[in-house]
Amino acid sequence: MAKSSAIKRCLFLFMLIFPHFSTLALTEDGLVANGDFEARPSNGFPSEAIADGPTEIPSWRTKGRVELVSSGEKVSGGMLLIVPGGSKAVRLGNDAEISQEVTVEKGSTYAVTFSAARTCAQLESLNVSVPPASQSVDLQTLYNVQGWDPYSISFEAEEDKVPLVFRNTGMEDDPECGPIIDDIAIKKLITPDQPKDNAVVNSGFEFGPWMFQNVSLGVLLPTNLDEETSPLPGWMVESTRAVRYIDSNHYAVPEGKRAVELVSGKEGIISQMVETRPDKLYSLTFFLGHAGDKCKEPLAVMAFAGDQAQNFHYTPDSNSTFQVASVNFTAKAERTRIAFYSVYYNTRTDDMSSLCGPVVDDVRVWVSTERKKQESRREVKEKRRFHHRRPKRRHDHEQGQSQNKKTS
């Protein structure tokens, strides 16, 4: 009897303590709670609800006109609503917002990835904030014919618990207008250590925001002028439009698993301030490539290194989807700006509307005395790739010759 009472007391204490520890659990990388809006409200989805009233969205707080919309749903004028993923998404009316409290690590930097589409006006935008940080994402430009895109913004956590807020700041005459959002995910960002032989941080773009494996559109990185708090650690996105963060699962990536596609011409610039020594001669090298997404050529990149600027055209090669480009420059200060943008405004050949462009990867800046060592390493790597392909072709040729002998 005494043993049974002791067990009960232990269970009671555990039930009191467990909720406290559970609130301290950090939000895991990936979808936030009901980030895809597929969870069924207690009173059913709008089409199932018996009575009219405020939209209930599990795990989210709402303010203003917030609607759960379904894939294939029509609004006034017969327009078909676009739901980025699954069967449900959220539409925000004038001055409406949704918010959720997420548990994070104070002082760490996070990236929030989400999918968004506009419904009516070209000037629709979405404000994403983790107070006091706030950023507006312009939805005016349609980057592909699907009508929606994944985006990512970043923030530094000032507390252990922070509100994640999505708000429509627009004021449209039509109450059925307003941006649609879906698939909201979060990821803690890690800035890689700077290598000894390269002044560029995150040179291969391997460290970046959350990417959904089943989404083939990459992630758009809108303007972000703070390299300390960027969804792409070490890099800034300048100018007025976005660049696209791509993965090797859906695109041709020169090196590793990630790269950047410059999809906005001169209006989408990536840059970084790298540490240099004044009056030293440096080399900037990078991989210039084609994403393999049917992007119409010509493809070209303008590369900047300090006071030097050079135009590089991508030259198609049957043995590779990329090439090495380089710029020599003399550093004038302890920090030197390097930057890239696409010379042309390119679209895909299959739909003539989806925006695309050249790919940049494996960006390196080193003192010129180190250049030959680096180039020899790259040459060895290229030879290995080339010879890896050659045996198969030689074998195919020999098979063809033996087959011809048999035939003759």
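Taken together, the values in this text are just the output of simple stated rules run on the coordinates, not laboratory data. Computed from a prediction, not measured in an experiment: that's the story for all the values here. Glycine also receives a Cβ, built like all others from the backbone with ideal geometry; neighbour counts cover every protein chain displayed.
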Tell me the net charge near Gly86. Cut-off is 12 Å between Cβ atoms, Gly86 excluded, with +1 for each Lys or Arg and -1 for each Asp or Glu. -3
At a 10 Å Cβ-Cβ cut-off, how would you order Trp60, Trp366, Trp235, fewest neighbours first? Trp366, Trp60, Trp235
Throw me the Rg/Rh for the range 191-375, computed over C-alpha atoms with Kirkwood Rh, two decimals. 0.95
Least to most buried among Cys356, Cys295, Cys120 (fewest other Cβ within 10 Å first): Cys120, Cys295, Cys356
Taking the Cβ of Ser264 as the center, what net charge do the other residues with Cβ under 13 Å away carry, scoring Lys and Arg +1 and Asp and Glu -1? -2
Report the net charge of residues surrounding Glu172, where surrounding means a beta-carbon distance below 12 angstrom and charges are Lys +1, Arg +1, Asp -1, Glu -1. -2
Determine, at each q value in 0.09, 0.18, 0.19 (inverse angstroms), the log₁₀ of I(q)/I(0) that the Debye formula gives when each Cα of the range 24-188 is one equal point scatterer. -0.28, -1.14, -1.26
Sort all Cα-Cα distances of the range 169-213 into consecutive 10 angstrom bins from zero, then give the percent of pairs in each bin up to the one containing the longest distance. 19, 27, 20, 18, 11, 3
From the P(r) of the range 95-169, can you give the percent of Cα pairs sitting at distances over 14 Å? 61
Residues Asp36, Asp173, Asp317 arranged by fewest to most Cβ contacts within 10 Å: Asp173, Asp317, Asp36
